[in-house]
Amino acid sequence: LGVSEYLPDLMKKNVFETHFCLHEKREQKELKQSWARWSACFRGQPITNVRNYLGEKVALYFLWLGWYTFLLIPASVIGLVVFLLNIVICADTVCFGSHVQVSLLFDNEGTVAFAMFMAVWATVFLEFWKCHRSSYVSAWKVFDWCEEEEELILEIVNNAHCEPKMHRHSYLRSTIVLLLVIIGLTHVLVVSRVIATVLLAENSTWQVITENSQTVAVMLGAVLHYITITVMTRVKAHKPPTHSHAAVERSFTVKMFIFQFFTMFSSLIYTAFFLGRINGHPGGYVRISGKWRLEECHPSGCLTDLFIQMSIIMVLKQTFNNIFEYSDLHRNYSLIKTDRFSLFNEFLEMVIQFSFTTIFVAAFPLAPLLALLNNIIEIRLDAIKMVSLERRLVPMKANDIGVWTDVLEAIGVLAVIANGLVIGISSDFIPRLVYQYFYGPCASGSATGIDCMVGYINNTLSQMVTYSGINVTHCSYRDYRSNEDFSLTNQYWVILAARLVFIILFEHVVVIFKCVASWFVPTSPLDVTNERLYDKLRRLKEELRSVTRAYTL
């Protein structure tokens, strides 16, 4: 055959490739002008154009991120209002002049209501996301697409006698590694905080630091925790091969999320539920400024410690992560390589942020506002990165965000449990109610014109007497114990019972609201449901005609 006989095919191929490249360039240029630029921060996202250029998987990531950011607006407004109202109330009661009264900034009825709202908000967000997503995947004709089926079809095409790949997973190894990380990290942070408290209290040249050594130590511990998080997140995990099947990717995603989650929350969990509670009665002490004291929470309560840690970690993490990411991108003179795991880090960062926004929000009502401000920047930063600074991702089909949906639902359940426990166990909300109605000056129900919380602080303190030669020292510590034998008082058991009742009621009420919300929000809009029903009917009719035609022939 002569060369001339191949010319038509070669010309067709070149024309097609040229047309395809020009189309890609045009789409990239449109995205740069309308989306991947800082001046477009407050514009909507052209999700369909993103899908045409980067594929359904990337488009669904930006669709989810945009929807999450949009629904953060009401949560941010309500959280900010609650926080400002707490400041106004505290200004009237001179909160800022007393360590103990500072807890009213985060430990009050408004915070309880906001924690319940955020637990329900997490469910509403997920249910409306499913409904929002279905409109797009239906329009893209991938609603019923299945990744596992497509992988099996490809394997059959390559090898007609192929066998399915068995799923394997070592739960024992993963659990052991996770426990070692949690225990080791928590011990390092706790010991460093205790040592910092002692050194600051005894050796500081500034009086203000000496008097507030515990608060400064908490802040330094939070900074150390952030540094630890940064180091751990940069540890390069062994990723599965890029050709691995979907089940392997899901397993990798879940394991990495659990590892990063406990890396970030181990210290917060310790502060919320264990700090000051595992030392027992006087006997396990830390020597500070010549006195023997328990290793305990801030004088205003454990919620203050939790607020300080969460605010510092969240602000530092979001600020420096964006700065480092932007600077790393601009130091590369060639386009950054990408693979099918390139979206993993983006999803992981946002899902961890979602955890900060919902879990322990009772101690930090400003978390949704910080997340909203970060996401406005994050959307454009990721858009600029994927359109201009990275090699183009290979477009991949998808009809959902995959296993991340299950992770988000698990976080929603954890948010209910964690916030119920924080309010019921860590805060003074329940002890104050018990004192007000059973032990305070208003307990009889006949007192009028007096503050029902008078004497509450002294009521929460137990006494310990120490002897040094002929000197007798009376020390006070927060607990409900007898001054003679350090046994627990009846008031302790009343408060414990009230805490348990509150936790049960809180979680049941919130779960009921979550179930009602998920039941009322449809998985798909009615027009999408009807359109899919019409498409199924048309496809079945065509299949029936094909079978009938084959049978008659």
**Message:** Being within 28 Å of residue 126 (Cβ to Cβ), open to solvent by less than 70 Å² (accessible area, probe 1.4 Å) and not hydroxyl-bearing (Ser, Thr, Tyr) is true for just one of 422, 413. Which residue is that?
**Reply:** 422
**Selection count, the range 103-119, where residues are open to solvent by 30 Å² or more (accessible area, probe 1.4 Å) and either over 23 Å from the mean Cα position of the chain (by Cα) or among the β-branched types (Val, Ile, Thr) (or both)** = 2
**Request:** Pull up the range 516-540, narrow it to residues that are among the small types (Gly, Ala, Ser) and part of a helix (DSSP H, G or I), then point me to the one that is least open to solvent (accessible area, probe 1.4 Å).
**Result:** 517
**Message:** Filter the range 407-448 down to the residues that are over 23 Å from residue 277 (Cβ atoms) and in contact with a Cys (Cβ under 8 Å, 6 or more places away or on another chain) and list them by number.
**Reply:** 436, 440, 441, 442
**Message:** Pairs needed: first member in the range 137-155, loosely packed, with under 13 Cβ neighbours inside 10 Å; second member anywhere, outside any loop (DSSP other than H, G, I, E, B) and not hydroxyl-bearing (Ser, Thr, Tyr); C-beta distance under 6 Å; at least 6 residues apart or different chains.
**Reply:** 148/246
**Asked** Among the residues of the range 48-79, how many are open to solvent by less than 10 Å² (accessible area, probe 1.4 Å), small (Gly, Ala, Ser) and in a helix (DSSP H, G or I)?
**Response** 4
**Request:** Might you check whether a residue that is modelled with pLDDT of 80 or more, closer than 30 Å to residue 210 by Cβ, of a type in the set (S, T, N, Q) and part of a helix (DSSP H, G or I) occurs anywhere in the range 309-317?
**Result:** yes
**Request:** Inspect the range 481-491 for any residue being open to solvent by less than 70 Å² (accessible area, probe 1.4 Å), in a helix (DSSP H, G or I) and modelled with pLDDT of 80 or more and give the result as yes or no.
**Result:** yes
**Subset of the range 493-515 (residues that are open to solvent by less than 70 Å² (accessible area, probe 1.4 Å) and not charged (D, E, K, R))** = 494, 495, 496, 497, 498, 502, 503, 506, 509, 510, 511
**Request:** Please indicate, with yes or no, whether at least one residue in the range 457-479 is exposed (fewer than 15 other Cβ atoms within 10 Å of the Cβ) and at positive phi.
**Result:** yes
**Asked** For the range 441-456, does any single residue satisfy the condition of being surrounded by 15 or more Cβ atoms within 10 Å (Cβ to Cβ), among the small types (Gly, Ala, Ser) and either at pLDDT below 85 or within 21 Å of residue 359 (Cα to Cα) (or both)?
**Response** no
**Message:** Take residue 462 and tell me if it is over 30 Å from residue 510 (Cβ atoms), touching a Lys or Arg at 6+ places or on another chain (Cβ under 9 Å) and of a type in the set (Ser, Thr, Tyr).
**Reply:** yes
**Message:** Given the criterion closer than 23 Å to residue 354 by Cβ, open to solvent by 50 Å² or more (accessible area, probe 1.4 Å) and in a helix (DSSP H, G or I), identify the matching residue among 400, 406.
**Reply:** 406
**Item:** Unmet requirement for residue 445, which otherwise passes all of (1) in contact (Cβ under 8 Å) with a residue 24 or more places away in the chain; (2) at positive phi
**Value:** (1)
**Request:** Please specify each residue of the range 346-388 satisfying the condition of being open to solvent by less than 10 Å² (accessible area, probe 1.4 Å), among the small types (Gly, Ala, Ser) and over 13 Å from residue 261 (Cα atoms).
**Result:** 362, 363, 367, 371, 383
**Complete:** Here the qualifying pairs (Cβ atoms under 8 Å; residues six or more apart or on different chains; first in the range 536-550 and closer than 24 Å to residue 143 by Cα; second surrounded by 10 or more Cβ atoms within 10 Å (Cβ to Cβ)) come out as none
**Fill in**
Checked 199, 172, 178, 154 against criteria (modelled with pLDDT of 75 or more and either out of contact with any Gly (no Cβ under 9 Å at 6 or more places or on another chain) or hydroxyl-bearing (Ser, Thr, Tyr) (or both)); the one match is 199
**Item:** Residue match in the range 389-397 (condition: at pLDDT below 90 and not in a loop (DSSP other than H, G, I, E, B))
**Value:** yes
**Asked** Is it true that residue 275 is part of a loop (DSSP other than H, G, I, E, B) and modelled with pLDDT of 70 or more?
**Response** yes
**Request:** Have a look at 373, 421 and point out the one that is in a helix (DSSP H, G or I) and either free of Cβ contacts under 8 Å to residues at least 60 places away in the same chain or polar (S, T, N, Q) (or both).
**Result:** 373
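The values are calculated or read from the model by the stated rules, or taken from the named source; none is laboratory data. Nothing here was measured: the structure is a model prediction, and the numbers come from that model. A quick note on method: Cβ atoms are made from the backbone with ideal geometry, for glycine too, and the neighbour counts reach across all protein chains shown. Side chains are part of the model used for accessible areas, which takes the heavy atoms of the whole protein and leaves out ligands, DNA and RNA. Shrake-Rupley method; radii C 1.70, N 1.55, O 1.52, S 1.80 Å.
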